[in-house]
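Following: one structure in structure tokens, then a few remarks.
The values are calculated or read from the model by the stated rules, or taken from the named source; none is laboratory data. If you're wondering where the values come from, they're calculated on a predicted model, not measured in any experiment. We place every Cβ from the backbone using ideal geometry, glycine too, and count neighbours over all the protein chains shown. Areas reflect the complete protein model, heavy atoms only, side chains present, ligands, DNA and RNA absent. Shrake-Rupley method; radii C 1.70, N 1.55, O 1.52, S 1.80 Å.
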Amino acid sequence: MINKLTPEQEALIPVYIEKWISLALSTEPIARQKAAEAVNVACTVCWNEEPKILFFDSLYSFLKDIDVYFPDWEEEDQIDWLAKLEDELFEQLSDPVTSQLCDQLLEPMDELLSRLWNPLLDRFYQQPEISRRAVTNFTHDVNPQDWLVQCIFIDFCFSVLNCSLNESEQREWEVLQSLVKSCGWIYIFVKHTSEDNCEFVCIVCDRPTKLLYDHQQLLHAEEEPAMEFADGFSIYAYHGVGLPEN
């Protein structure tokens, strides 16, 4: 049981926030072959399943066509594939250490991501071609960026605090970390094809091709989109406040 962080460990908290927020701010296009390999390895190691993989140029492209690809999406099960590792590590921390990491590591990371992505999520609610239920489910109830918050916690506990994972859990962390780094926004479903059979389906949405923000990492640009995707979907924003296109 870890009861207290050392000064050296506390000093690494902002380093790890910077490490993972840089991934959230990446505009590097997904290498689809590499991403597919990461998805296949992760699903094979964690669930012994080979998934069907669908790529989209943006989260918008996925949401507007969700009823085409998943007419029964509200009945499918989505997987939180980092929860088991996260729970295992929480058990190795005292309550004071858990509270400290929540206050100094997890909440700042979550706040940064929320400030960055909220104009995008708000814009989805304004799109008549996207159902509000889908927006709520896929951007609030299950937000893939939340996985970055889980990753920073697992990474810090394992790499800095030397929390223990067994050999199988370490392998899962390696492949899941590779998955997060290789892909943009990811959803993994268990799709029920019959009463006794199911298939794994992984949705991978590409990163933005353009991302402009101010010193607080709020979406911001003047006279041009602050966020743009390969399919042309874009967001105008001024210091984190979404603006109409015109």
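Is there a residue being surrounded by 15 or more Cβ atoms within 10 Å (Cβ to Cβ), on the phi < 0 side of the Ramachandran plot and not in a helix (DSSP H, G or I) anywhere in the stretch 148-158?
First, the residues of the stretch 148-158 that are surrounded by 15 or more Cβ atoms within 10 Å (Cβ to Cβ): 148-158.
From what's left, on the phi < 0 side of the Ramachandran plot: 148-158.
Still in the running and not in a helix (DSSP H, G or I): none.
No: the stretch 148-158 contains no residue that is surrounded by 15 or more Cβ atoms within 10 Å (Cβ to Cβ), on the phi < 0 side of the Ramachandran plot and not in a helix (DSSP H, G or I).
Among the residues of the stretch 171-201, the ones that are open to solvent by 20 Å² or more (accessible area, probe 1.4 Å), among the acidic types (Asp, Glu) and out of contact with any strand residue (DSSP E or B) (no Cβ under 7 Å at 6 or more places or on another chain) come to 3 in all.
Scanning the stretch 202-246 for residues that are surrounded by fewer than 18 Cβ atoms within 10 Å (Cβ to Cβ) and assigned to a strand (DSSP E or B) yields 210, 238, 241, 243. Quick one: which helices (runs of 4 or more DSSP H) lie wholly within the stretch 1-98 and hold at least 1 residues that are hydroxyl-bearing (Ser, Thr, Tyr) and surrounded by fewer than 12 Cβ atoms within 10 Å (Cβ to Cβ)? Result: 13-24. Among the residues of the stretch 64-82, is any at pLDDT 90 or above and touching a helix residue (DSSP H, G or I) at 6+ places or on another chain (Cβ under 6 Å)? Taking every residue of the stretch 64-82 in turn, none turns out to be at pLDDT 90 or above and touching a helix residue (DSSP H, G or I) at 6+ places or on another chain (Cβ under 6 Å).
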